[in-house]
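Some notes on the structure that comes next.
The values are calculated or read from the model by the stated rules, or taken from the named source; none is laboratory data. Since this is a predicted model, take the numbers as computed values, not measurements. Counting neighbours? That spans all protein chains shown, and the Cβs are built from the backbone with ideal geometry, glycine included. When the accessible area is computed, the model is the full protein with side chains, heavy atoms only, and any ligands, DNA or RNA have been set aside. Shrake-Rupley method; radii C 1.70, N 1.55, O 1.52, S 1.80 Å.
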Amino acid sequence: SQLGPQLKVVSKLIAGGSRTPVYMVKLGGFDTHDAQVEENHSEGEHAILLRDLNDSISSFMKDLEYHGVADKVLGMTFSEFGRTILSNASNGTDHGTAAPMFFFGNAVRGGVVGDNPIIDRSMSYEDNLPHQFEFRQLYQSVLDQWFGLESSSINQVLFGEFDTVDIIGDP
């Protein structure tokens, strides 16, 4: 895993009392224009990457729980680009308009936010999903609900005001 060791360092820093409010780690390899999936579409490089993401975050949260600091952590995934929805001729996907974001931590409201996409049989590998949330809505939600920043500060950072999405709290 390339993500697990990075999260282990972050866990040690948090457990050790670091007051750094934001840490950033990286899991590369999602720019899968080819060989993203194998013929059965449930195995391949993309499945390996998602398994690494899942296992690394799970271990990270268990470590934070062990050290009694899990309630101090909100995690969020993001990508610089989305992917198209159907495989191309090389069993990969190309750069697209939308991508999922995952939030994790004890304070995160459980469940899926947004609608499952409808993928029509007439779509091709060139088609994109429309994004359901402007990414700044999610950033605004975190800055408001987790960091407790004032709206005027958030608006200045994000160059505007955006509707929030309920991320923190009981479902």
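Screening Asn106 with (1) assigned to a helix (DSSP H, G or I); (2) under 27 Å from Gly68 (Cα atoms) gives one miss only, at (1). Number of residues in the stretch 26-57 that are without any contact (Cβ under 8 Å) to a residue 40 or more places away in the chain, outside any helix (DSSP H, G or I) and crowded, with 17+ Cβ neighbours inside 10 Å: the value is 1. Residues in the stretch 58-90 that are of a type in the set (S, T, N, Q) and in a helix (DSSP H, G or I): 2 in all. For the stretch 124-171, a residue qualifies if it is open to solvent by 100 Å² or more (accessible area, probe 1.4 Å) and free of Cβ contacts under 8 Å to residues at least 40 places away in the same chain, and the qualifying residues are Pro130, Glu150, Gln156, Phe159, Glu161, Asp163. Please go through the stretch 79-101 and pick out each residue that is small (Gly, Ala, Ser) and either surrounded by 15 or more Cβ atoms within 10 Å (Cβ to Cβ) or closer than 17 Å to Ser42 by Cβ (or both). Gly82, Ser87, Gly92, Gly96, Ala98, Ala99 - these are the residues of the stretch 79-101 that are small (Gly, Ala, Ser) and either surrounded by 15 or more Cβ atoms within 10 Å (Cβ to Cβ) or closer than 17 Å to Ser42 by Cβ (or both).
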